Amino acid sequence: MKKKSLSFLFASFWALNLLFSQKTIELQSIPTPPDIKWDRPERQYFSQIWKTEVVTNVSKPTMTVHLPDPTIANGTALVIAPGGGFMAHSINSEGNWVADWAVKQGITAFVLKYRVAPTGEDGVAGVLAKRGRP
């Protein structure tokens, strides 16, 4: 009975580590220039243009911490800044999926969401259409 209790306790700690292994930290930044207005909220969606999950209208920078299992953590850290042409973040393919790979290698990963240009309600498609692109 004692062995089952100990196994349950270990499994509970392991599950809690996974549950709380990601934490988002709001970053302090310089004030927004007065001529730039984010009149739409931050939005995450699947972009038909890029065929991947993107985040647009990021006005408040954050970092999401991805921690490896303590038994394989090796003391290395990595900052990941997903691309997207300053209009969006390719948040999974160039951010979270890279972080997932890193934690499996024992590396602590920080996925950075930096400010991007405001894109309006329709996201990246509207900006590209204004530039004459499909």
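Some notes on this structure:
Residues are listed down the side, and each one gets a yes or a no for (1) over 15 Å from residue 22 (Cβ atoms); (2) of a type outside the set (Ser, Thr, Tyr); (3) out of contact with any strand residue (DSSP E or B) (no Cβ under 7 Å at 6 or more places or on another chain):
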{"position": "82", "(1), (2), (3)": "yes, yes, no"}
{"position": "95", "(1), (2), (3)": "no, yes, no"}
{"position": "102", "(1), (2), (3)": "no, yes, no"}
{"position": "107", "(1), (2), (3)": "no, yes, no"}
{"position": "115", "(1), (2), (3)": "yes, yes, yes"}
{"position": "119", "(1), (2), (3)": "yes, no, no"}
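- Set 115, 43: member being in contact with a Lys or Arg (Cβ under 9 Å, 6 or more places away or on another chain) and in contact (Cβ under 8 Å) with a residue 12 or more places away in the chain: 115
- The condition of being among the aliphatic types (A, V, I, L, M), in contact with an Asp or Glu (Cβ under 8 Å, 6 or more places away or on another chain) and not in a strand (DSSP E or B) holds for only one of 103, 98, 55, that being 103.
- Test: residue in the stretch 89-98 that is farther than 21 Å from residue 119 by Cβ and at pLDDT 95 or above: yes
- Residue within the stretch 68-82 that is part of a helix (DSSP H, G or I), of a type in the set (A, V, I, L, M, F, W, C) and exposed (fewer than 15 other Cβ atoms within 10 Å of the Cβ) present: no
- Of all the criteria given as (1) more than 13 Å from the chain's Cα centre (by Cα); (2) assigned to a helix (DSSP H, G or I); (3) surrounded by fewer than 15 Cβ atoms within 10 Å (Cβ to Cβ); (4) at pLDDT 95 or above, the one not satisfied by residue 10 is (4).
- Applying the condition of being charged (D, E, K, R) and in a loop (DSSP other than H, G, I, E, B) to the stretch 31-51 and asking which residue is farthest from residue 114 (Cα to Cα) yields 51.
- In the stretch 66-82, the count of residues that are out of contact with any helix residue (DSSP H, G or I) (no Cβ under 9 Å at 6 or more places or on another chain) and modelled with pLDDT under 90 is zero.
- The combined condition, being surrounded by 17 or more Cβ atoms within 10 Å (Cβ to Cβ) and either touching a Pro at 6+ places or on another chain (Cβ under 7 Å) or of a type in the set (D, E, K, R) (or both), is not fulfilled by residue 42.
The values are calculated or read from the model by the stated rules, or taken from the named source; none is laboratory data. The structure displayed is predicted, hence computed values, not measured ones. Neighbour counts are summed over all protein chains in view; Cβ atoms, including those assigned to glycine, are modelled from backbone coordinates with ideal geometry.
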